[in-house]
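One structure follows; several queries about it will come next.
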DNA sequence: TGTCTATGTTGACGTTTATCGATACAGGTG
DNA sequence: CACCTGTATCGATAAACGTCAACATAGACA
């Protein structure tokens, strides 16, 4: 598999326009379901560190071997990276021996817009 | 109690400066612990709807009675509002018969800054 | 082919969480 | 005072979650 698009994950196009600013109107149940998945993905300390490690790496992309030092076992790291992928926050690609994860910018932009609106509310 | 500051909750001053942009450098374990608590609070669909209902209400403040129609029981609503309060995202005040919840802007600003940085990374 | 390394998957275990009904508390009204 | 309404707490239960050890898979290289 040379392409990650065949995986049945959340696609950026599907989640990016999901979220009106939190202050605009009460979220519907469906909107909340989608948006909560993204927040939940960042709601674990280990996942947040892994995500930050990828995001802060050169080019917004990192090999698993570069970010695995977060104090948990290798299977646990793999499990968390999978969760981040399922939430649409990361994508992965195998290049030879190593697997590289990269941040999904459109989804983050959507989340940032969500919160930026709420912050200026009061 | 006419003042919410006496409660042993996360104070805005304590969490606001916790978070460098996600892309700046890998988060430390301590930073991730604090930041993950905020994301986790918004990582539930019901809580996200409750928060959005408060944030979108006039003045960023709403009575519980105005936002309780989210499809779960009254104790569950109360439980989720408590969680949001413990995460520092909402504050509450009793005024006569009703209890009003209001958004805590500084914490949201911190979260927004976190994500805004990550969005522009790639 | 076989072996070594990097990563993902499986199965199990203990902890946390979301939810509810029942109940308690607080404040207004009679 | 008694009663009603709005909100919080308690106790129980089922589901989800984080973690690990063991195993599986994929690619590189000899």
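Please treat every number below as a calculation from the coordinates, not as lab data. Keep in mind that what you see is a predicted model, and the values were worked out from it rather than measured. Every residue, glycine among them, receives a Cβ derived from its backbone with ideal geometry; neighbour counts consider all protein chains shown.
Using alpha carbon centroids, what distance separates the range B:59-122 and the range B:22-54, in Å?
Taking the Cα centre of the range B:22-54 as reference, the centre of the range B:59-122 is 12 Å away.
Separate question: What does the copy distance list look like for residue B:28, label position 7 Å along Cα→Cβ, in nm and ordered from shortest?
4.5
Let me ask another. Evaluate E = 1/(1 + (r/R0)^6) for residue A:72 and residue B:28, where r is the Cβ-Cβ distance and R0 equals 25 Å; express this FRET efficiency to the nearest 0.05. All intermediate terms of the calculation are to be shown ahead of the outcome.
Details: r = 15 Å, r/R0 = 0.60.
Approximately 0.95, to the nearest 0.05.
Between residue B:99 and residue B:79, what is the label-to-label distance in nm when each label sits 7 Å out along the Cα-to-Cβ direction?
In this crude label model, residue B:99 to residue B:79 measures out at 1.5 nm.
Here's a follow-up. First check a/c for the range B:28-116, with a ≥ b ≥ c the square roots of the eigenvalues of its C-alpha gyration tensor; if it is under 1.5, answer rounded, and if not, answer prolate when a/b is larger than b/c or oblate otherwise. Before the final figure, lay out each step's value.
Numbers: a/c = 2.06, a/b = 1.67, b/c = 1.23.
Since a/c reaches 1.5 and a/b is larger than b/c, the shape of the range B:28-116 is classed as prolate.
Starting from the Cα gyration tensor of the range B:75-115, take the square roots of the eigenvalues, sort them a ≥ b ≥ c, and report rounded, prolate or oblate (rounded when a/c is under 1.5, otherwise prolate if a/b is larger than b/c, else oblate). Walk me through the numbers before you get to the answer.
On the way: a/c = 4.06, a/b = 1.85, b/c = 2.19.
In terms of gyration-tensor shape, oblate.
Still on this structure, please answer the following. Mind checking which chain B residue has its Cβ closest to the axis relating B to A, and how many whole Å off it is?
B:43, 2
Shifting gears a bit: Averaged over its residues, how many other protein chain Cβ atoms are within 10 Å of peptide B:27-37's Cβ atoms?
Values: counts 10, 2, 6, 1, 4, 11, 4, 2, 6, 8, 2.
Mean shielding count: 5.
Using a label point 7 Å beyond Cα on the Cα-Cβ vector, give me the inter-copy distances for residue B:66 in nanometres, one decimal, shortest first.
Result for residue B:66, in nm, nearest copy first: 4.8.
Hey, for residue A:86 with labels 7 Å out along Cα-Cβ, what do the inter-copy distances come to in nm, ordered shortest first?
Residue A:86 label point versus its equivalents elsewhere: 2.4 nm.
So, by mean Cβ neighbours within 10 angstrom, what's the order for B:90-102, A:103-115 with the highest one leading? Please list the in-between numbers first.
Numbers: B:90-102: 15.4, A:103-115: 23.0.
Descending packing order for the listed peptides: A:103-115, B:90-102.
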